[in-house]
Amino acid sequence: MDRKKYDLAIIGGGPAGYSAAFEAAKYNMSCVLFEKDKLGGTCLHRGCVPTKYLNKVAGMYKEVQTCESYGIKINRDDTNIDFVETKKREAEIVDKLAHDLEKNLLAHSIDIVYAEAYIEKDVIKTVSGDEYEASKIIIATGGEPADISSDMEINVADAPGKMMTDVADAPAKMMTNSENISVAGVINTNQLLEMREIPEKLTILGGGVTAVEFAYIYATLGSKVTIFIRGKALLRNWDKDIVTAVTQSLKKAGVVINTKTDFSKLSIAGDEVVLSALGRKPVLPKGYGENADDKIVVVGDARKDSTMLAHVAMAEGRAAVREMVATSCSDKMGCYTSCIFVDKEVASVGLTEAEAIEVGIEAISCRYVMYSNARVLISDDGRSFIKLVADKNTKKLIGAQLYCDRAGDMVAELATVIDNEIDIAKAAAVIRPHPSYCEDITAAFDMLLEKL
Amino acid sequence: MRFSKKHIWVKEDGDVVMIGLSEYAISELGGVMFVNLPDEDDEIRLGEAFGDVESVKTVSDLISPVSGKVIEVNEEVVDSPEEMAGDVDSWMLKVKVSDQEDLMTEEEYTAYLQSL
């Protein structure tokens, strides 16, 4: 059997995988990429891109309902959402990105094999029986929605076949308990994104970023949304000011939030679509053992300790390749940003004040609220803020949490300040454009300097 | 109602106290845009900030006149801060008190305000 030999084999064509492939091409490594489903992975097909698209649609729908205050008169009785059309355009955008990605990979002389790959004694095989050898292997097989844990009992009234014990019989829409018991009537995020209608009632189990984003989207599009969480508040481990802002945002959109839920006995009415957004778990190819093997590196969501962020996965993919080529460039990973998209954007980079204090840093923070920002007032009169966290001893910026339009873009400048330990006074002195959202970063730095 | 030098009013309500922001403070701020309060079950400490209030001009810390555990947070004040007034209906927290400072009567507070 003829085995094709490569410098590098990558299993998985999502952000981690394709980033590693492009990095390998820079060093003229021969590279083969295996993808069992679609290039672009969860990010492109079931995560980042579809949700940001739906968030945009929700935002537009909201603007249409409020544009009269700007003197734009429209016949609102005629306004409705053809969700089939909405999803059609989403598919067009996603398909284009996937197609461009494939073209780009091929243009960089990366071989793509559309098959599920597994590892058997140092050899990479596909289900069709082809075999490959590589000096190095990167596993970038991503993750998937976690099963509902077996200590939860969730009953959706009148759901077909309430508790089924044979997974093989379970219709595609069921979530499983980890003991292979299907929980009738509960779907995961992949399945929700396949729906071509807006549910009249949507119950969401979970209070993390995924739950919050879907809650905002569907509540704004007209669903009656209810959230159930185990804890006291949404977004565990996020900065308190962010949690307050996002909670307010969801409440204003009509979302009902039930805290301190006992998941061991939860009953939901049968006319609800029930989404489980209770977490994700890594996926690994068959034959990948836990033993340390310096020929194989795991990156992205496939890692046990994954941040579940696409941009971190990309950085890990690139870093893994650079390590193989043993370049002398510093591979110290910089701080990374986490974002949430609701009515405004949330961006958090570096440490929160609470995290900093917990690790013994003498941290101080300031919150600059953008009540006088011209651009904010022009687009709406909602509350936006920039919160900065500094180390009182080093006098350096160590974290930032933003809640405002374009936070996801504004935050990049703050990541630069943190990674490069830029003097806060110098960062404050940068001449930012006016009228802009980012000009309030100057005001926030000035506020911070007063406290230092 | 009794008042602290930091413009917080305190009123007994059974075995807890209600605390809120005085009318004077609200008008000095030029209107309340948002209130940040602790969560239920949080501990607050006499003399320390238990939250803050945002106005167009600034963010001002709310200094606690009591030590104790937060039993209830008034969500209405968080949802509609612009309607906040210095009366009992605009209470911010109900606290089970373990310690409190000496507070002024309404007359004493009014006199104190003249001196500012």
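Laid out as a table, the results:
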item: Carbon plus sulfur fraction of accessible area for the protein assembly as shown, probe 1.4 Å, in percent; result: 49
item: Dipole of chain A, positive end: most advanced residue of A:LEU106, A:GLY41, A:ILE198 [Cβ charges, Cα centre]; result: A:ILE198
item: Set of aspartates and glutamates near B:LYS11 by C-alpha distance (under 18 Å), chain-local residues within fewer than 8 positions excluded; result: B:GLU23, B:GLU72, B:ASP87, B:ASP89, B:ASP99, B:GLU101, B:ASP102, B:GLU106, B:GLU107, B:GLU108
item: Residue (of A:ALA425, A:GLY408, A:GLY360) at the positive-pole extreme of region A:344-451, dipole from beta-carbon charges; result: A:ALA425
item: Solvent-accessible area buried by B and A, counting both chains, probe 1.4 angstrom, square angstrom; result: 1200
item: Per residue value of the accessible surface for chain B (all protein chains in place, 1.4 Å probe), Å²; result: 51
item: Positions from region A:230-250 whose accessible area shrinks by 40 Å² or more when the full protein complex is built, not the chain alone, probe 1.4 Å; result: A:LYS232, A:LYS240, A:GLN248
item: Centre separation in Å (Cα based) which lies between region A:234-277 and region A:405-429; result: 32
item: Cα-based equivalent ellipsoid, region A:1-105: semi-axes from gyration tensor eigenvalues, Å; result: 43, 13, 9
item: Delta accessible area of at least 40 Å² on complex formation, residues of region A:365-395, 1.4 Å probe, chain isolated as reference; result: A:ARG367, A:TYR371, A:ARG383
item: Highest-MSF residue in chain B out of B:GLY51, B:GLY31, B:GLY14 [GNM, Cα springs under 10 Å]; result: B:GLY14
item: 25 Å tail of the calculated P(r), region B:2-114, as % of Cα pairs; result: 13
item: Calculated from backbone phi, Karplus (6.51, -1.76, 1.60) coupling profile of region A:255-260 in Hz, x at Gly/Pro; result: 6, 9, 10, 9, 9, 6
item: Max mean-square fluctuation residue, GNM over chain B, Cα-Cα springs under 10 Å, options B:GLU43, B:GLU72, B:GLU28; result: B:GLU28
item: Contact order relative to length of region A:344-451, as percent, for alpha carbon pairs under 8 angstrom and 6 or more apart; result: 32
item: Solvent-accessible heavy-atom area per residue, rounded to whole Å², over region A:344-451 at 1.4 Å; result: 44
item: For region B:26-35, 3J(HN,Hα) per residue [Karplus equation, 6.51 cos²θ - 1.76 cosθ + 1.60, θ = phi - 60°, Hz, x = Gly/Pro]; result: 4, 6, 4, 6, x, x, 9, 8, 7, 10
item: Percentage relative contact order, region A:220-264, counting C-alpha pairs under 8 Å, at least six apart; result: 61
item: Convex hull volume per residue for the protein assembly as shown, taking Cα atoms only, in Å³; result: 201
item: Relative contact order, percent, region A:182-225 [alpha-carbon distance under 8 Å, six or more residues apart]; result: 41
item: Accessible-area order (highest first, 1.4 angstrom probe) of the listed residues B:TRP9, A:TRP238; result: A:TRP238, B:TRP9
item: Under-5 Å amide H pairs with B:GLU72, H placed in peptide plane, nonlocal only; result: B:LYS94
item: Residues of type lysines that A:LYS265 reaches as a straight line, Cα spacing below 24 Å, ignoring anything fewer than 8 places off in the same chain; result: A:LYS162, A:LYS173, A:LYS201, A:LYS224, A:LYS232, A:LYS281
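The values are calculated or read from the model by the stated rules, or taken from the named source; none is laboratory data. These figures come from a predicted structure and were not determined experimentally. For neighbour counting, all protein chains shown are included, and Cβ atoms are generated from backbone atoms with ideal geometry for every residue, glycine included. Just so you know, the surface numbers come from the protein's heavy atoms only, side chains and all, with ligands and any DNA or RNA stripped out. Shrake-Rupley method; radii C 1.70, N 1.55, O 1.52, S 1.80 Å.
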